[in-house]
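Accompanying notes for the structure given below.
Where a number appears in this text, it was derived from the coordinates with a stated rule and is not lab data. Here the structure is a predicted model, which is why all the values come from computation and not from measurement. Glycine gets a Cβ as well: all are built from the backbone with ideal geometry, and neighbour counts include every protein chain shown.
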Amino acid sequence: MSNVPDDRKYTDSHEWLRLEQDGTVTVGVTHYAQESLGDLVFVETPQVGRRLKAGEACAVVESVKAASDTYAPIAGEVVEANSRLAEEPERINSSPYEEGWIMRIQPDDASDIEHLLDPEDYEQLLAEAK
Amino acid sequence: MLIFEHSREGRRAYAQAPRQLAGLADIPESYRRRSPALLPEVSELQVVRHYTRLSQKNFSIDTQAYPLGSCTMKYNPRACNTLAMLPEFLARHPYAPDRFGQGVLACLWELQEILTAVTGMKGVSLAPMAGAQGELAGVAMIRAYHEARGAHERTEIIVPDAAHGTNPATAVMCGYKVREIATATDGDVDMAALKQALGPQTAGIMLTNPSTVGVFERRIEEIARLVHEAGGLLYYDGANLNAILGKARPGDMGFDVIHLNLHKTFSTPHGGGGPGAGALGAGERLHAFMPIPIVAREGEHYRWHTETERPQSIGRLSTFGGNVGVLLRAYVYTRLLGREGMYRVAEFATLNANYLMARLRAAGFQIAYPQRRASHEFIVSLKREAKEIGATAMDFAKRLLDYGFHAPTTYFPLLVAEALLIEPTETETKEELDGFVAAMCRIRDEARADLAFVKGAPYKLPVRRLDEVRAARELNLSWKPSV
């Protein structure tokens with residue numbers, strides 16, 4: 001698996017999001033983010049039903065190195081949170097793009113997604129960071 | 001092994017037993033416990049050995065250099081401890097009338113005056129019992145100020161990402177929304193981001209100056225002007241005051257409220273969770289809101305001012321007048337130094353940091369803000385070592401312990417990759433600093449030759465590399481006797 005899958009969009013704060021068939025958007029943190037953070041020991045997911053503004057801090061991922069906010073990439077309402085992360089935060093380390101997803105959002109405006117980074121742009125950003 | 005595990009029924013340690021049991025008769029029968037307390041039953045020699053061994057396992061400023069950035073782990077002069085332990089101080093009861101405590105009140109009043117002068121504020125309250133409590137009280141004062149003016153729409157506190165790590169938590173605890181702003185590439189606050197963040201919703205900004213990236217915020221006066229024009233107030237986190245003590249004053253920079261970690265800059269014992277002291281200073285706007293009690297001098301007489309004299313105060317933070325034992329140590333420290341001595345603290349703390357930074361740079365280590373002069377601390381980024389050799393900041397930190405140096409702060413601030421935040425303080429000698437550089441170079445050589453060896457460090461301590469992930473995931477903080 002590529003470290004930057006091409007079936008989704010990215011943010012410069014290292015979140016990914018994927019548009020699902022039902023019109024919701026799944027959000028998580030990238031491989032680079034989990035690698036930078038190191039072993040995760042605690043994840044706080046947002047309440048289902050919470051209204052999020054784009055760029056708003058909505059989840060916390062904590063490792064032995066640092067506690068870090070995760071930001072809502074787009075505006076919308078939280079429709080589901082990954083409850084398994086409470087017991088198994090390490091899923092974000094082992095599977096950041098699948099089992100380690102953090103939340104699903106019903107976007108206010110699905111076209112907001114267009115403004116986010118394409119996989120190539122995100123890879124470019126990572127190359128510059130290194 | 002815990003002291004409880006040495007316990008055998010019937011053993012006694014008379015030297016460590018309470019001196020007298022007088023006064024028990026004053027406690028009503030109904031309040032006395034019926035079964036004996038579950039205390040370890042051990043001999044005097046067992047107690048001596050147990051605690052001596054524990055103290056030998058300690059990694060402390062009394063035994064090793066402790067360059068823990070953002071924490072100012074400096075030497076605590078013994079005189080401060082000796083004088084604070086005078087029986088006249090120790091035996092004073094907080095309920096005793098002020099007229100029987102004129103000595104201690106005079107010391108506290110003088111400490112208030114000294115801290116007021118050295119920070120350029122209008123007044124100081126010694127009430128907060130720790131740095132975190134000082135922060136909480138400072139932001140509560142900002143809140144009380146806005147509420148007194150009916151400015152309920154001011155709901156945001158701006159926190160630059162190079163501020164002290166506790167600041168966002170404090171703002172949230174006071175009911176504010178945190179608005180983080182970025183640091184520019186030169187280490188100063190990003191002015192464009194600040195201007196964009198300011199508005200009618202701004203309650204204030206929390207700044208640390210010098211910041212946690214170890215540089216002095218050069219545009220602080222402009223920042224103060226912009227924040228005040230927007231109707232906000234400025235909070236100063238005193239974490240890094242050691243760099244500028246007496247040389248540059250937060251009050252002159254335009255700050256409205258500051259907290260000082262007396263256990264950092266003013267050399268009271270530090271670590272282990274306290275006891276600390278987080279004295280607060282306030283300027284014109286917030287002076288009336290300071291927490292009580294505050295010592296006042298009326299003629300030749302000292303007494304506590306409370307709600308009566310200070311009706312707008314945010315109130316009390318604890319039952320009595322702050323951590324008096326800690327405050328006395330800080331008072332003695334300030335009197336030992338005097339005005340000139342305080343300047344020298346800042347000068348030598350800054351000189352030591354810059355010397356160490358220059359030596360490490362010359363040795364090939366990457367400095368996070370190489371174009372800037374360090375304040376009392378600076379950041380080495382081990383990004384290159386992590387990438388090229390595979391040795392991370394944590395690996396260097398662990399191996400430094402084997403060489404007799406406490407690890408610098410690792411992975412903080414978050415905006416620098418593989419960060420070691422290094423603060424030597426003014427109390428280390430040149431030989432000690434040279435030893436640190438030599439240790440860093442040796443660790444790099446060791447990692448090049450045998451990475452696994454460095455990853456296995458430490459080797460010379462009571463415990464080897466700890467499983468931090470498991471410790472965080474499976475918290476186990478209490479010991480229970482096996483029955």
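Details
- Taking the Cα centre of region B:106-158 as origin and assigning +1 to Lys and Arg Cβ atoms and -1 to Asp and Glu Cβ atoms, the resulting dipole is close to 120 debye.
- Between B:Ile379, B:Ala407, B:Gly456, the Cα set farthest toward the positive side of the dipole of region B:346-471 (charges on each charged residue's Cβ, about the Cα centre) is that of B:Gly456.
- Straight-line cross-link partners of A:Lys53 among the lysines, defined as a Cα under 19 Å from its Cα and at least 8 positions apart when in the same chain: A:Lys9, B:Lys177.
- B:Arg33 paired with B:Arg11, simple spin-label distance in nm, labels 7 Å along Cα-to-beta-carbon: 2.0 nm
- Residue exposure sequence - B:Met129, B:Met1 - by fewest surrounding Cβ within 10 Å: B:Met1, B:Met129
- Most fluctuating residue given options A:Gln47, A:Gln106, A:Gln21, as computed from a GNM of chain A linking Cα atoms under 10 Å: A:Gln21
- Prolate/oblate/rounded label for chain B (Cα gyration tensor, a/c 1.5): oblate
- Normalised by the number of residues in region B:346-471, the average gap of Cα pairs under 8 Å and 6 or more apart makes the relative contact order 28 percent.
- Excluding same-chain neighbours fewer than eight residues apart, the lysines reachable from B:Lys430 by a Cα-Cα span under 28 Å are B:Lys57, B:Lys74, B:Lys247, B:Lys264, B:Lys383, B:Lys398, B:Lys460.
- Virtual paramagnetic centre 7 Å along Cα→Cβ of B:Arg99, amide N under 17 Å, in region B:296-312: B:298-304
- For the protein assembly as shown, calculated [θ]222 nm from helices alone, where every DSSP H run of n ≥ 4 adds -39500 (n - 2.57): -10000 deg cm²/dmol
- Put in order of Cβ neighbour count within 10 Å, fewest first, the listed residues B:Trp479, B:Trp109 become B:Trp479, B:Trp109.
- Residues B:Cys441, B:Cys174, B:Cys80 arranged by fewest to most Cβ contacts within 10 Å: B:Cys441, B:Cys174, B:Cys80
- For chain B, relative contact order (Cα pairs under 8 Å, six or more residues apart, normalised by length) works out to 18 percent.
- Full-extension gain in nm, B:Ser55 to B:Glu474, via 0.36 nm per residue minus C-alpha separation: 148.2 nm
- Distance between the 7 Å Cα→Cβ label points at B:Arg339 and A:Asn3: 5.8 nm.
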